[in-house]
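Below: the structure, in structure tokens.
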Amino acid sequence: MTVHRGRGFAAINYPIGMNLGGDPSQALVHSGPDGKFAIALSSIDLGQGMKSVTRQIAAETLGVPVEDVYVDTADSDTGPHCMGSFASRGTHRVGNAVIVAAKEARAIMLEAAAEELEVNADDLETDGRGNIHVRGAPGRSITTGDACQAAQFRHGKTVAGRGIFLIPLSEVDPETGEMTPVSCYAHAALVADVTVDDETGEVTVEQVNSAYEVGRAINPRLVEQQLVGGAWMGLSHALFETTEPRYPDRSHGPVDFSQYTMPGPGDIARHDIAILERPAPDGPFGGKGPGEMCANPIMPAIANAVFNAVGVRVTALPITPEKVLRGLKANGGARPGPRR
Amino acid sequence: MARKPLQFRLNGAEKAVFVEDGANLLDVLRRGVGDLTAKRGCAQGGCGACTVLIDGVPGLSCLTLAETVEGRSVATAGGLPGDGSHPLQEAFMAHFAAQCGFCTPGMLMAATALLESTPHPDRNQVVHALSGNICRCTGYEPIIAAVLDVAGEGGGGRS
Amino acid sequence: MTVEFRKDLFADERDDDLVEVGKPTRRQDILGHVTGRSPFYDDHLFEGLLHMRCVRSPHHHARIRSIDTSQAERMPGVARVLTGADVPNNLNTLLGLMDFGRDDEPLLSTRKVAYRGEPVAAVIADSEARANDAVAEVRVSWEELPCVFDVEEALAPGAPVVNDTYPNNSFDYHDTYDHQKLRFGDVESALASADRVIEGCYEMSPIEQAPIETNGAIAAPETNGRFVCYTSTQALFFSLATASKLLDLPSNRLHFIGGTVGGGFGGKVDSIVEPMALLGCMLTGRPVRFAWDRAEEMQVGAPRGAERWYLTDGVMNDGRIVARRFTGYFDAGAYTRLSSYAIIKATGHLPGPYTIPNVSSDILCVFTNRTPATAMRGFGITGVDFAIESHMDVVAHEIGMDPVELRILNAYRDGDMKPHRRTAKNCALIECAQVAAQKAGWTIGDAFNAMASTREGGGERAAIPPTVTDRDGRIGERRAGRTGRGERRTIAPTPGQDTATSGTPARSGDAANYAHPAAAPPWQPGAVPQPPRTEEAPPAPQAPRTPAPGRYSRFATNAGLRRR
Amino acid sequence: MTVTVQCVPTVAEAARAVAHDRSARYFGGGTLLMRAVNEGADNLGILVRTTDPDLKRITSSGPTVTLGAGVTMREVLADPALAFLHPVARTIGGPALQAQATVGGNLFAPHPYGDMAAALLALDAEAACAGGPSRPLADLLRDTGATGSQVVRSVSFTRPEAGTFRFRKVTRVRPTGAPVLALAASIPVVAGRISGARIAWSAMAPRPLRAAETERALEGCRLDAAGIVGALAAAARGLDPPDDALASGWYRAEVAPVHLRRLLLEDGED
């Protein structure tokens, strides 16, 4: 038996938001009587962190501490329209809608503060810790809570805002495919190190080194969650998963987690990540949305690493031991490529 | 359909319910006594989202015939502190070890069982302890790191 | 595992001095998760809850002769048995909300089934066990039909018709073609003059989203004639609007609650469980829960569809890729769902993150007798990325070039023109490649380490070349072995064009001049396509459905998507 | 279908109840039957279970080991005297499943399960059935099929000599996935020659089974690369490896000799 080492590379870009646009999302922001804010969305948190990302974006825009913001999602009676949580659109589309809504609410809060402090609202700034100062005169300040209270109980104004973000729908030319598919792209490149057992065809991913460009990491730990989990899923797509193992034949489709395989906690590879941030001009604080693109580069990188290790090019996912073994037999054994 | 009386302790409290013949413990917990913390991911024994402790031993509540817990003690994530102050809860929060949160109660119970029998497990023991619990979001690494953190074995090599 | 932030890169484009953005704040929902209290749809208790289970086709393709529910209705605990006749508006396509494509899928099928597991009836009973018992008592008389599973076989003359709404077994684009085109430059000439022509074929497997929480919904009567629906949906208003249409119910009588979902990955947008649970609720007056079991989630719930990609690259010996041609087949399964749309997305993505002066693609959405495909993480992109990046490795191997250097050499840069005729900006592929290689200790040449996305783009690389088009693949030209090489015509670029819409190019218009393979009848202007048939004809092609005014809403009526 | 559960005090009564009604099934650990109940399998009417303490009995101190059919994988793992079986029990599901899965249930688990059954075959175990004599496990499995109605009380076997029992399981998912294949072996070596070897497979046929031709080919051979050549050639002979989502029958047959060789030559130090 020989275990061969191999190394593969892949690089990808990924379109952010629903293709062609036409996918608005809306947000409503309002303050309670004491300056604690609620954000109403109809966007879905299916684990990607929608509530948390929009909460930070809202707090940054309002100029209040993140603890003063709570995001409520997905009650169609109270939440405004949202297209949905898919197509890497959450951070970009919903985040932008939240900014629009939060800016409107912030302006009302600052107007109330200006009236209380008897200054021009343009001269006010927030410190992000719950205070509104006169620029250049930090002693003259009012808390965001007091400002919101004043707005509602003395000035008769709602500290509230409405936001929508829409990239208008693009046409598609039938003859050339001319279109405006998206407004920005995320990027990634990845090196996978594998070993291949040339008697069994088994592939083990030993190490992953990656670079992901995400625009702006609104929350670095949430980005990390996506990248680590997404690379795991990509590895799973590369080596394990399919609902139709005899595609296009429909037989032996798995109906449980014994037969539908995914890497277990004993199969995970060490993954060292670099995060790059080139802000998207139209993203919320430059943010793009790493949730989908992070799963993609590892699939071809593993396929390329297997080729480098034993000279077998598996062109149909998943790269099962059987496919590798058949390739080895067709080639008359392993044909290791250059060491990299 | 026959219904049978069933008494057991749930997170220290006595429970008495009538259960349908052939009912599994998961349905009895969720619909019979209103403990919704055990999750139904497959009802096949394959995902671990419904993991509970039965007399301190981890069990898949979906594969447990409810009547077999007569007179026994069942522990669920519902018995963990509501303020997240259990060391495992704290570690899961600090390590961002949950995304959608659906597998989390089962993971917590599997990890609880491990740490009660093996207070200082190594990584391999943690991997084995979690091997019946599927997480589709995190790639397991943050969960393993969280459990190792509680075990005092460091956080899994974060830089 | 380590994570590093390369704050040194693109630092001048970024304000890192923000208060909350950029902070590793704990998730807002984390306490709910670690206490087991986060409220998923199934964590809402209702007195007198009923449970729904479906009667599903055991066949891949069959005509329904009859459905007898009488025995099931008499079973203990059964509240109601539903069939397609109970669905107020029993035909839909998900992207109808975007005015894209024709309604092609029933909620409960009445005439025929086109995939194994297709639902034809549903039982509502006071427990899942009793619902299961009654499902076994629904008698369906089937007449099996020939079936087709392979995307290219489905396009062959004589293949069984999978989906009567699309009798060619392919989605109709722009009322004109059986595929979506991309044409940029002159691929054939560039291939002819390239040093090397390198071909490949790559396949993406069907994949299950596998959220640990399966699809499900609970619908219950609310006061004042409204219905509440707790749902696992990924797209609340998408599901609400779909339910409103299928149930012919004004949307303000529906109250959807969700937002805390046990994983989705694209598998919770199809909006099936919500209208089903609501229909059950409307007809019984009681709360109804419809939750897929794991087997349904894996084999009936729509997967990421299979894809097959043929790539041909024209490459110079120095590594420059001068032409790239794609022919892609998306396996939609039996109904459209979202596959037609994924193809537009894939078209806009080609040829990957590279600047290639001549690019063409033909991508088909093909109907086969398998579970309908839908969205999954990386929808429309993941499969072609696997194809492109596998093929890049093949090219590097064939011409003896370092794989990382090949990518950097061809990478798109700020100011370059993309084949969909929009200028690239905000690029970062080169930097990602450099950083990943550096982390892995993969040595690349100094010249490649010195390159940057922000430099040496645009200029000649911003030009739109004279483009050769063709009218290959008119609707009705059903055949396999597509080449993407039809009659050629050249359209000149519009002067000064960069981000503006070019408008529809002029056509020479004489269809009789275009070449057709012998196997397919020549397309005639105005003729209704008549593919070879092996079974009885479907109903006459439907007129576009006119929505009952005010009954349900559309999200968009823009011409770009209305072109079908 | 909706089921009725009967609980009886003894195995003997359970066996009688099962024999009495065609729709009755003996309910052991429940890992397979409870799933069938949850999924509404239509061939279940009565589930018969018993609280008979005999089923939980382990006799492991002497030369003859007896495991009650209701002994769980977790209980096997808790017994240091059963250390040779720990590599088997440890890979059968995660800890929660191990606490429910029983030795008796594993004997009748459908493909691809049955790792413990393969181990017991390689140990030449006898099965004691309720209301019947003990019989070789190999015969019981051959005659019963995967969904047998036999109620097994216990299995017994002679404790293997140190270093003679080996187990190897190939999974797609580590550490406790379902087997692509598993093989167990008892390899006594007398005066440098293999004598009385027993090899058993799971997931290489519809049911776990002994590899008779391989065993014959090993007899009298040296336990080295040259000595096992004949056995490797015979590895997949007489087997009927099924196709499933984990692997095709072709793949299973193709790698069977590889894993047999690794078991014989590389796994000896475990």
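Derivation of every value follows stated rules applied to the coordinates shown; laboratory data play no part. Values in this document were obtained by computation on a predicted structure and should not be read as measured data. Cβ: placed from backbone, ideal geometry, glycine included. Neighbour counts: every protein chain shown.
Other residues with beta-carbon under 12 Å from the beta-carbon of A:P338 carry, at +1 per Lys or Arg and -1 per Asp or Glu, a net charge of +4.
Of the peptides D:42-50, C:11-19, A:193-201, the order by per-residue mean of other Cβ atoms within 10 Å, starting with the highest, comes out as A:193-201, D:42-50, C:11-19. Our helix-only sum for chain C, with -39,500 (n - 2.57) per DSSP H run of n ≥ 4 divided by its residues, gives a mean residue ellipticity at 222 nm of -5500 deg cm²/dmol. If you take every DSSP beta bridge whose two residues both sit in the protein assembly as shown, what share of them, in percent to the nearest 5, is antiparallel? If I count the DSSP bridges inside the protein assembly as shown, around 75 percent turn out antiparallel.
Over 29 Å apart at the Cα level, from the set C:K268/D:K169; A:K51/C:K418; C:K112/C:K268; A:K288/C:K418, are C:K268/D:K169; A:K51/C:K418. Taking every residue in D:171-184 and counting other chain Cβ atoms within 10 Å of its Cβ, the average works out to 6. As a proxy for reagent exposure, ranking D:R198, A:R140, C:R474 by other Cβ atoms within 10 Å from fewest up yields A:R140, C:R474, D:R198. Considering only beta bridges that DSSP places wholly inside region C:200-280, some 55 percent are antiparallel.
Under the convention that each Lys and Arg Cβ holds +1 and each Asp and Glu Cβ holds -1, the size of the dipole of chain C around its Cα centre is about 1320 debye. Other residues whose C-beta falls under 15 angstrom from the C-beta of A:F165 contribute a net charge of +2, scoring Lys and Arg +1 and Asp and Glu -1.
Placing unit charges on C-beta atoms (Lys and Arg positive, Asp and Glu negative, everything else neutral), compute the dipole magnitude of the protein assembly as shown about its Cα centre in debye, rounded to 20. It would help to have the intermediate numbers written out before the result.
Values: 132 positive and 154 negative charges, 333 e Å.
Rounded to the nearest 20 debye, it is 1600 debye.
On a 0 to 90° scale, report how tilted helix A:298-310 is relative to the longest principal axis of chain A, with both axes built from alpha carbons and the result rounded to the nearest 10. Roughly 20 degrees between the two axes. Counting, for every residue in A:207-220, the Cβ atoms of other protein chains within 10 Å of its Cβ and taking the mean gives 6. Helix A:144-153 and the long axis of chain A differ in direction by around 50°, with both axes built from C-alpha atoms.
With the charge dipole of chain C set up from +1 on Lys and Arg Cβ and -1 on Asp and Glu Cβ about the Cα centre, the Cα lying farthest toward the positive end among the listed residues C:Y166, C:G225, C:I356 is that of C:G225. Counts of other chain beta carbons within 10 angstrom of each beta carbon in peptide D:253-261 average 3. Panel note: the C-alpha atoms of region D:165-269, placed on their principal axes, show extents of 43, 27, 21 Å (largest first). Across region A:240-256, computed HN-Hα scalar couplings (Karplus, 6.51 cos²θ - 1.76 cosθ + 1.60, θ = phi - 60°) run 10, 7, 6, 7, 9, x, 10, 3, x, 4, 8, 6, 6, x, x, 10, 8 Hz from first to last residue, x flagging Gly and Pro. Placing a label point 7 Å from the Cα of C:E222 along the Cα-to-Cβ direction, no residue of region C:266-281 has its backbone N under 13 Å from that point.
Put in order of Cβ neighbour count within 10 Å, fewest first, the listed residues C:E213, C:E137, C:E47 become C:E47, C:E137, C:E213. All other residues whose Cβ lies under 12 angstrom from that of C:Y202 are scored, Lys and Arg at +1 and Asp and Glu at -1, for a net of -4.
For chain B, a crude dipole built from +1 on the beta carbon of Lys and Arg and -1 on the beta carbon of Asp and Glu, taken about the Cα centre, is about 380 debye to the nearest 20. Residue-normalised convex hull volume from the C-alpha trace of the protein assembly as shown: 179 Å³ per residue. Dividing the Cα radius of gyration of region A:25-165 by 2.2 N^0.38 Å, with N the residue count, gives 1.04. Applied to region D:44-55, the Karplus parametrisation 6.51 cos²θ - 1.76 cosθ + 1.60 on θ = phi - 60° returns per-residue 3J(HN,Hα) values of 10, x, 10, 9, 10, 10, 9, 9, 4, x, 4, 5 Hz, with x for Gly and Pro.
Structure remark: mean-square fluctuation, Gaussian network model of chain B, C-alpha springs under 10 Å; the largest value among B:G59, B:G22, B:G41 belongs to B:G22. Computed over chain D with a Gaussian network model linking Cα atoms closer than 10 Å, the most mobile of D:V180, D:V103, D:V190 is D:V190. Our note on the geometry: Cα centres of region A:100-140 and region D:10-71, 73 Å apart. In this structure, the amide hydrogen of A:Y70, modeled 1.01 Å from its nitrogen in the peptide plane, lies closer than 5 angstrom to those of A:F37, A:A38, A:I39, counting only residues at least 5 positions away or on a different chain.
Cut-off is 10 Å between beta-carbons; in what order do B:C100, C:C201 appear when sorted fewest neighbours first?
Ordered from fewest to most neighbouring Cβ atoms within 10 Å, B:C100, C:C201 come out as C:C201, B:C100.
In this structure, the amide hydrogen of C:V3, modeled 1.01 Å from its nitrogen in the peptide plane, lies closer than 5 angstrom to those of A:I273, B:S159, counting only residues at least 5 positions away or on a different chain.
Counting every C-alpha pair in region B:87-150, the share spaced more than 15 angstrom apart comes to 39%.
For chain D, modelled as a Gaussian network with Cα springs under 10 Å, which listed residue fluctuates most, D:A256, D:A191, D:A119? Answer for the Gaussian network model of chain D: D:A191. Please check which bits of region A:91-107 a label hung off A:D122 would reach, taking the label as a point 7 Å along Cα-to-C-beta and the cut-off as backbone N under 15 Å. Under 15 Å, as judged by backbone N against the label point of A:D122, lies no residue of region A:91-107. Helices that extend 20 Å or more along their long axis by alpha-carbon positions and average at least 1.6 on the Kyte-Doolittle scale are absent among the DSSP H runs of chain C. Computed from the alpha carbon atoms alone, the convex hull of region A:260-340 holds 166 Å³ per residue. For region B:73-82, 3J(HN,Hα) computed residue by residue from phi via the Karplus equation (6.51, -1.76, 1.60; θ = phi - 60°) reads 9, 10, 10, 10, 4, x, x, 6, x, x Hz, glycine and proline entered as x.
Counting only alpha carbon atoms, the long axis of helix B:141-150 and the longest principal axis of chain B meet at about 90°. With R₀ fixed at 56 Å, the C-beta to C-beta distance from D:S195 to D:T10 puts the FRET efficiency at about 0.85. Amide H to amide H distances under 5 Å link D:Y26 with D:V48, where only residues 5 or more positions off or on other chains count and H is placed in the peptide plane.
Grab the beta carbon distance between A:Q207 and C:D15, set R0 = 35 Å, and tell me the FRET efficiency rounded to 0.05. Could you put the intermediate results ahead of the total?
On the way: r = 35 Å, r/R0 = 0.99.
With a Förster radius of 35 Å, E is 0.50.
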